[in-house]
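Scroll down for the structure; my scribbles are underneath it.
The values are calculated or read from the model by the stated rules, or taken from the named source; none is laboratory data. Note that the structure is predicted; figures quoted are calculated from it, not measured. As a convention, Cβ positions derive from the backbone with ideal geometry for all residues, glycine included, and neighbour counts pool all protein chains shown. Just so you know, the surface numbers come from the protein's heavy atoms only, side chains and all, with ligands and any DNA or RNA stripped out. Shrake-Rupley method; radii C 1.70, N 1.55, O 1.52, S 1.80 Å.
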Amino acid sequence: MKFPGIPENEEERLKSLYMIDLLDVRDEERFERLTRIGQKLFQVPIAVINLLDRDRQWALACQGLSGREMSRDISFCAHAILQQGPLIVSDARQDERFHDNPLVTGEPYIRFYVGYPVHLPDGAVVGTLCLVNSEPRDFTPEDIATLKDLAFIVEDEFQVINMAMTDSLTAIPNRRGFYRSGEKRFKEYQQQNKPFSILYFDLDKFKPINDMWGHAEGDEVLKVFAAQLRQLTGAKDITGRLGGDEFAVLLASGNDAAAFQTRLRDSLNGWNQRSGKPYNINYSYGVINSDDGDFSSLLEMIKESDSVMYSEKRRKKT
């Protein structure tokens, strides 16, 4: 058995996957419907939309399988995401990559497999739409064209979700997207007793930039600051624009808030020195760690970090 390779942009790929927040989601009818269509259209017992996490494969929607998760090491789809077009295996028993794979030698006894890579709106490949049969089978050019169309519909659904959860100006999660992903992460870390931090940011003297140099320049400031945050966050961290010139970051377990703040300050100071702009981008911030209190929700932590941030902003004005 040949283990699948890792995409060159794996960390960026994972960051995009985590941002859309579809891992561990099940019974999403818009995707289940597409797998039912694929199953009937191609007359196969198994049709799945799979997402590839760091070490596992998650079935976002599936027909013909009872389980939702498996190791990435044995995943056919982990091979498929390395290709531009479909991965077609007519008879897995005759393929050196898969002949002794446990999915071939045991349930579901894969013989035929085809997986078409599916991408998020930013171009990151996150998984496949795949078909499986326990009997060998050929796949014609017409079949490939039809599967491609179905895969593109999957990508259209990703686009709809992305538009609802992403700030169109800065391309990071909006308030709705931040709270959707963040609340889920909040509960996960609370249950696992893992520490995490919330950082709340408000840009200093942002209104004068808009007033003196115009809203286009103000928009550029927001995009630069959002890009700085995203560049410095890890795959499991969550960044969001909560409105206007206010941003928040949920730093996952193991990411030190003080170290993050130091990197952000140094990076932004470097940008200010190089930009040639008649202004600097500065900010006030508040930090709350999960062990600073008994918080019942992410919203409660955000409100507390917001209060800390405004205390700092008031101190700057005195």
Completion exercise
The lone condition Tyr285 fails out of (1) open to solvent by less than 50 Å² (accessible area, probe 1.4 Å); (2) assigned to a strand (DSSP E or B) is (1)
Practice task
Those residues that are within 22 Å of Asn255 (Cβ to Cβ) and hydroxyl-bearing (Ser, Thr, Tyr), I need them from the stretch 167-198; list them, please.
Solution key: Thr170, Tyr179, Ser181, Tyr189, Ser197
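Rundown of residues vs (1) in contact with a strand residue (DSSP E or B) (Cβ under 8 Å, 6 or more places away or on another chain); (2) under 19 Å from Ile288 (Cα atoms), yes/no style:
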position: Lys194; (1), (2): no, yes
position: Phe201; (1), (2): yes, yes
position: Met212; (1), (2): no, no
position: Glu220; (1), (2): no, no
Practice task
Please name all residue pairs, on different chains or six or more residues apart, with Cβ atoms under 9 Å, provided the first residue is in the stretch 23-52 and is on the phi > 0 side of the Ramachandran plot and the second residue is of a type in the set (Asp, Glu).
Solution key: Asp24/Glu69
Exercise for the section: Test Glu300 against the stated conditions and say whether it is more than 22 Å from Leu169 (Cβ to Cβ), out of contact with any strand residue (DSSP E or B) (no Cβ under 8 Å at 6 or more places or on another chain) and assigned to a helix (DSSP H, G or I). Expected result: yes
Handout entry: Single residue of Gly244, Gly270 found to be on the phi > 0 side of the Ramachandran plot and not acidic (Asp, Glu)
Key = Gly244
Fill in the blank from the handout: If we take the stretch 6-101, then helices (runs of 4 or more DSSP H) inside it with 3 or more residues that are modelled with pLDDT of 95 or more and open to solvent by 10 Å² or more (accessible area, probe 1.4 Å) are 29-42
Exercise for the section: Can you confirm whether the stretch 129-142 contains a residue that is in contact with a Gly (Cβ under 8 Å, 6 or more places away or on another chain) and part of a helix (DSSP H, G or I)? Expected result: no
Practice task
Test Trp213 against the criterion of being in contact with a Pro (Cβ under 9 Å, 6 or more places away or on another chain) and of a type in the set (A, V, I, L, M, F, W, C), and give yes or no.
Solution key: yes
Exercise for the section: Would you confirm whether any residue within the stretch 136-147 is within 23 Å of Gly243 (Cβ to Cβ) and touching a residue at least 24 places away in the same chain (Cβ under 8 Å)? Expected result: no
Problem - Subset of the stretch 102-120 [assigned to a loop (DSSP other than H, G, I, E, B) and touching a Ser or Thr at 6+ places or on another chain (Cβ under 8 Å)] - result: Pro108, Tyr109, Ile110, Arg111, Leu120
